[in-house]
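Since every read-out is calculated from the coordinates, none of them should be taken as a lab result. On a predicted model such as this, the values are computed, not experimentally measured, just so you know. Neighbour counts run over all protein chains shown; Cβ positions are idealised from the backbone, glycine included.
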Amino acid sequence: MKFKPRHTFLLLSSLFLLYSFSIYLHPLRVADDNRYDKELASEGRLVWQKYNCQSCHQFYGLGGYLGPDLTNFMSKPGRGEPFLKAMVNSGIKQMPAFSLTDVEIHELAEFLKATDASGSADPRSFKANNFGMIEHNEHEKN
Amino acid sequence: MRKINFGNLFLVTAIVMLLSGLVFGVLAAIIYIAPDFLKNSLGFISLRPLHVSSALLWIFLGATGSVYNGIRIVTKKEVSNPVAFTQWLLWMIAIIGIFTSYFTHQFGGREYWEFNPVWALPIAIAWILFFINFYKHIYKVRNWPVYMWMWFTGLVFFFFSFSENYLWLFPVIREHFVTDMTIQWKVNGSLVGAWNQLIYGTAFFLMDRISGTKDVGKNNLAFAMYFLGLFNLMFNWGHHIYTLPTENYIRYIGYAVSMTEWIFFAKIIYNWKKSVSDIQKHYHYFPYRFLMASDIWVFINIGQASLLSIPAINIYTHGTHITVAHAMGTTIGINSMILLAACFEFLKPELYRTAKPSRSINFAFWMLQISLVILFLSLNIAGFKKGIWQLTEEQSSYSVMMQSLQPYFISFLIAGIGLMISFSIFAGKLLKQARKSILLSHIN
């Protein structure tokens with residue numbers, strides 16, 4: 001039988017679509033987390049983008065490389081919304097002072113609560129299993 | 001009225017974007033060493049997207065120009081019509097909008113696409129027009145060589161992933177942080193795979209032309225490698241998010257599929273002897289010189305990427321400058337080398353087919369390679385040090401750790417300046433004949 005690239009292309013594309021949709025539908029499979037307000041967190045994500053915080057900061061090691069990872073910012077000792085407000089409004093080192101409104105600060109804080117609630121991004125809390133995959137206790141949270 | 005070679009128009013526009021990316025990249029790198037540099041004007045928040053978007057535009061527009069030149073040569077028909085012009089005009093509108101947004105701090109998009117989503121619309125429409133034009137020209141060609149499959153794949157999957165990139169506009173996605181991040185990095189992984197298909201397709205096309213055998217793009221091994229690349233485009237992106245608490249099957253699929261990249265690595269080693277003999281044969285043919293360089297950078301980057309895709313190793317490097325080294329190593333060492341080969345082949349064919357390259361251009365070539373090696377090593381060492389810091393029990397503060405990386409950021413900046421100078425020499429040579437290469441179209 002003659003090899004037809006078209007058939008392989010269509011087969012792989014169909015599998016890719018199935019895989020993609022299984023991911024899009026993931027929100028239907030998870031329960032709501034009451035540690036944060038998901039609508040405010042969703043608005044906070046937009047605040048994060050509006051001020052391009054991702055240019056310097058990361059979540060789970062993904063993002064910019066100039067500033068620290070902020071996944072678990074809210075649960076660090078002494079941190080919280082007032083600290084966030086002070087930091088954002090005054091700036092530090094390469095970070096300029098931003099002028100966020102109180103509403104924006106509150107939404108951003110709620111978004112950071114959501115990232116914090118998702119798990120720990122600290123590489124020290126992972127260990128490799130027999131397959132070379134890394135495992136994390138925090139996965140149970142999601 | 002004289003005809004326009006739209007392929008070359010896109011290539012010339014791409015070169016302008018390359019120059020812009022270099023300038024903004026060097027300015028952004030200065031901030032790593034001098035924190036107050038441009039802090040209260042553009043700042044890193046504008047310079048980084050200006051650099052990244054310019055670099056991506058160099059790749060997208062360069063790939064578009066290469067594909068248009070390719071189909072012009074394969075079909076022996078000019079791609080000179082209102083569709084291509086409208087496509088170019090839409091890109092111009094998007095570029096002006098994106099750059100204005102960055103200069104005025106009007107963000108709102110995701111990493112790598114930080115502009116307001118409204119500017120994604122002209123890009124999406126331009127891409128649809130590109131697909132229509134591409135398909136209109138090649139639908140009568142029978143038994144597509146592999147590079148045509150790669151171009152087709154790049155076109156389709158770029159559009160799919162680019163659209164998927166805006167799923168965050170729906171609150172239901174944004175409300176689920178982990179799903180949102182999973183989709184974001186699915187998009188980033190697949191988009192890279194899509195533009196690699198466009199650019200590697202161009203490399204196959206150029207090899208076919210240079211070798212003169214016309215069989216590079218038709219053998220079974222070429223197709224096997226193409227499908228392996230496609231398979232990775234679709235399923236390997238999970239290796240970006242091993243630490244994200246997403247579902248396990250996504251992480252394991254990413255891991256397993258990424259391990260198939262060792263096949264590419266093995267193939268390069270298997271073909272090593274032939275590659276060396278080809279290098280000796282075609283060394284003085286300038287477009288080939290860039291393809292040769294890209295082969296070496298593919299070897300280095302695939303080797304590194306395959307190691308980084310092992311989660312137990314990835315945990316040491318993830319979130320560090322080693323990832324930046326990999327990203328810059330591939331976009332400069334592979335994508336840009338292939339695009340420069342295409343630029344020299346399509347924009348200045350009469351000069352480089354016959355004559356040996358001048359001393360200045362030889363100098364620029366080696367300066368580029370050496371600068372890239374220094375940049376790659378600087379970032380890798382900085383990343384390695386950050387990786388150790390990340391896993392240390394009693395950590396110093398973040399700013400102390402960043403301060404300790406200063407020597408590597410200085411060598412990174414010097415290498416960046418070296419890259420800017422060498423790329424500018426090439427750009428100057430290519431742009432000198434820009435008008436002629438756009439207006440005079442030869443089918444050869």
Round to a whole angstrom and tell me the spacing of the C-alpha centers of segment A:1-75 and segment B:184-204.
-> 18
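To make sure I understand, if each residue's beta carbon is the centre and we count other beta carbons within 10 Å, what order do B:Thr331, B:Thr153 fall in, fewest to most?
Working: B:Thr331 20, B:Thr153 24.
Arranged by neighbour count, lowest to highest, B:Thr331, B:Thr153 become B:Thr331, B:Thr153.
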In square nanometres, what is one fourth of the surface area of the convex hull spanned by the alpha carbons of segment B:304-444?
-> 10.9
Provide, for q = 0.10, 0.17, 0.24 Å⁻¹, the log10 of I(q)/I(0) from a solvent-free Debye sum over equal Cα point scatterers in segment B:1-102.
-> -0.36, -0.77, -1.18
Inter-part distance where segment B:109-169 and segment B:1-54 are each reduced to a Cα centre, Å = 22
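Under the Kirkwood approximation applied to all pairs of distinct alpha-carbon atoms, what is the hydrodynamic radius of chain B in Å? Let's see the in-between values first.
On the way: mean 1/r = 0.0443 Å⁻¹.
Evaluated over chain B, this radius sits at 22.6 Å.
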Can you give the average number of partner chain beta-carbon atoms within 10 Å of each beta-carbon in peptide A:121-129, as a whole number?
-> 5
Could you work out the relative contact order of chain B, using alpha carbon pairs under 8 angstrom and six or more residues apart, expressed as a whole percent?
-> 19
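In chain B, once you exclude exposed GluC sites (Glu not before Pro) (DSSP loop, at most 12 other Cβ within 10 angstrom), what's the longest stretch remaining?
Values: sites that count: B:Glu393, B:Glu394.
My reading of the result: B:1-392 is the longest stretch.
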Averaged across the residues of B:240-251, what count of C-beta atoms belonging to other chains lies within 10 Å of each residue's C-beta?
-> 6
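Can you show me the helix-derived [θ] at 222 nm for chain A, built from DSSP H runs with n ≥ 4 at -39,500 (n - 2.57) apiece and divided by the number of residues, rounded to the nearest 500. If you can, show how the numbers build up before the last one.
Values: 5 runs with 64 residues, N = 142.
Using -39500 (n - 2.57) per qualifying helix, the result is -14000 deg cm²/dmol.
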With bins of 5 Å, the percent of all Cα-Cα pairs of chain A per bin from 0 is 2, 8, 13, 18, 16, 13, 10, 8, 5, 3, 2, 1, 1, 0
Near B:Lys39, which lysines are there with a Cα under 27 Å away, not counting those fewer than 8 places off in the same chain?
-> A:Lys50, A:Lys85, A:Lys93, B:Lys385, B:Lys386
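Could you give the longest part of chain A that holds none of the chymotrypsin sites (Phe, Trp or Tyr not before Pro) found in DSSP loops with at most 13 neighbouring Cβ atoms within 10 Å? All intermediate terms of the calculation are to be shown ahead of the outcome.
Details: sites that count: A:Phe3, A:Phe131.
Within chain A, the longest run free of exposed chymotrypsin sites (Phe, Trp or Tyr not before Pro) spans A:4-130.
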With Cα coordinates, the longest principal axis of chain A makes an angle with the long axis of helix A:81-90, in degrees rounded to 10, of 80
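DSSP loop (so not H, G, I, E, B), at most 16 other Cβ within 10 Å: list which trypsin sites (Lys or Arg not before Pro) in segment A:28-74 pass both filters.
A:Arg35
Among all helices in chain B defined by DSSP H, which have a length of 18 Å or more along the axis from Cα atoms plus a Kyte-Doolittle mean of at least 0.0? All intermediate terms of the calculation are to be shown ahead of the outcome.
Numbers: long enough: B:6-33 (41 Å, 2.35); B:43-75 (47 Å, 1.00); B:82-103 (31 Å, 1.50); B:120-138 (27 Å, 1.55); B:146-164 (26 Å, 1.24); B:177-211 (50 Å, 0.45); B:220-235 (22 Å, 1.57); B:286-308 (33 Å, 0.97); B:359-390 (46 Å, 0.97); B:406-432 (38 Å, 1.36).
Helices meeting the criterion: B:6-33, B:43-75, B:82-103, B:120-138, B:146-164, B:177-211, B:220-235, B:286-308, B:359-390, B:406-432.
Within chain B, what's the longest stretch lacking trypsin sites (Lys or Arg not before Pro) that sit in DSSP loops with no more than 14 other Cβ atoms inside 10 Å? Before the final figure, lay out the partial values.
Values: sites that count: B:Arg2, B:Lys3, B:Lys76, B:Lys77, B:Lys140, B:Arg142, B:Lys214, B:Arg353.
Longest run free of exposed loop sites: B:215-352.
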Calculate the radius of gyration of the Cα atoms of the protein assembly as shown to one decimal place, then report Dmax, the largest Cα-Cα distance, as a whole number, both in Å.
-> 23.6, 72
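Per residue of chain B, what 222 nm ellipticity follows from adding -39500 (n - 2.57) for every DSSP H run with n ≥ 4, rounded to the nearest 500? Intermediate values should be presented prior to the final figure.
Numbers: 20 runs with 335 residues, N = 444.
Calculated at 222 nm, the ellipticity per residue is -25000 deg cm²/dmol.
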